[in-house]
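A quick write-up on the structure given underneath.
Readers should treat all values here as calculations from the given coordinates under stated rules, not as data from a laboratory. Since we're looking at a predicted model, the values are computed, not measured. Please note: Cβ atoms are built from the backbone with ideal geometry, for glycine as well, and neighbour counts cover all protein chains shown.
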């Protein structure tokens, strides 16, 4: 009887989990589908074939080994940037400085990579470069984190201002002390060959950064769900006043959450240098920080959701490069698709929140 009862309990728990996942994901999937339908109607209005556009996006990004490799490489900074935003958001913070953190992470990674020689073992050089990016991102957000934790200064304004500082620093270094005189462009000298990330396979062309991003996502998920730090971050994010009354060091928790967030974003910059560009360039981050906010919202600030959203948007970005040739659409049309999806998801989130408030306010209902 005991075994049967345990089996019944397990089945009931599995059924409850399935219903929960269905209820949580269905509205957002429906919202994304609705946004795609609206995008298709817009394409029809301007005389383009929506099915041809969709086919182009998937064939260019997933239809070949080269396209798949580009998609994985593009997904890596998107996932890490979105994870950075999502981790800070779980503590009730908004990190708008991901771009700046990517740049300082890239600067630190490039500096270490330029110091290394070809004789340095790759097992030493690659971790050093990535660690430099990690530390650089943490340093980039540290002023905003300290101001927020100890003086209550809004982190949004500070992180936005820091973006410009680190972007201009990258421009100064790429055109000045680190400039490659043989290139004639605003790029630095290449880092040591030993510091370059290995690729997954020669035909694919993708570096192992995507695996690092997935591991970071798993670690952040474990921290949030299985550690005292994660519990403290979630408690502060849910209700900082209650957390403070309960004896938590709210300022310290916010400081740690923002520094970890910045470090993850800086790691994205290190991976871009080590795995993709092999040198510091201008335009290293084509708006990854703002895309990261969108992806964190789409992933509902959950690491798994963020990873899925990052891969989906990488498919969209890589595939959109071919839209101009196939359906005569400018590459910037992908920004319209992003806006439609974001608005649809925000609408779904708002409707769900209003429904929960209505149910909770109904007499005799259980919130």
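Here are some notes:
- Label assignment, mean projected area of the Cα convex hull in nm² derived from the structure, set [x] 24.4; [y] 21.2; [z] 19.5: [x]
- Residue order, fewest to most surrounding Cβ atoms within 10 angstrom, among 90, 300, 279: 300, 279, 90
- Once the C-beta distance of residue 290 and residue 115 is scaled by a Förster radius of 30 Å, the resulting FRET efficiency is 0.40 to the nearest 0.05.
- Exposure proxy for 207, 301: other Cβ atoms within 10 Å of each Cβ, ordered fewest to most, give 301, 207.
- Its DSSP H runs of at least 4 residues, each contributing -39,500 (n - 2.57), put the calculated 222 nm mean residue ellipticity of the chain at -25500 deg cm²/dmol, to the nearest 500.
- Segment 62-117 and segment 136-206 have Cα centres lying 10 Å from one another.
- Segment 75-293 - percent relative contact order, Cα under 8 Å, separation 6 or more: 44
- Translational diffusion coefficient (Stokes-Einstein; Kirkwood radius from C-alpha pairs) of segment 75-293 at 4 °C, 1.567 mPa s, in µm²/s: 74
- Annotation: the residues 57, 187, sorted from fewest to most other C-beta atoms within 10 Å of their own C-beta, follow the order 187, 57.
- Take the Cα of residue 58, step 7 Å toward its Cβ, do the same at residue 160, and the gap between the two points is 3.9 nm.
- In nm, spacing of pseudo-spin labels at residue 151 and residue 171 (7 Å Cα→C-beta vector): 2.7
- Rh by Kirkwood over Cα pairs, then Stokes-Einstein D for segment 233-298 at 0.692 mPa s and 37 °C, µm²/s: 231
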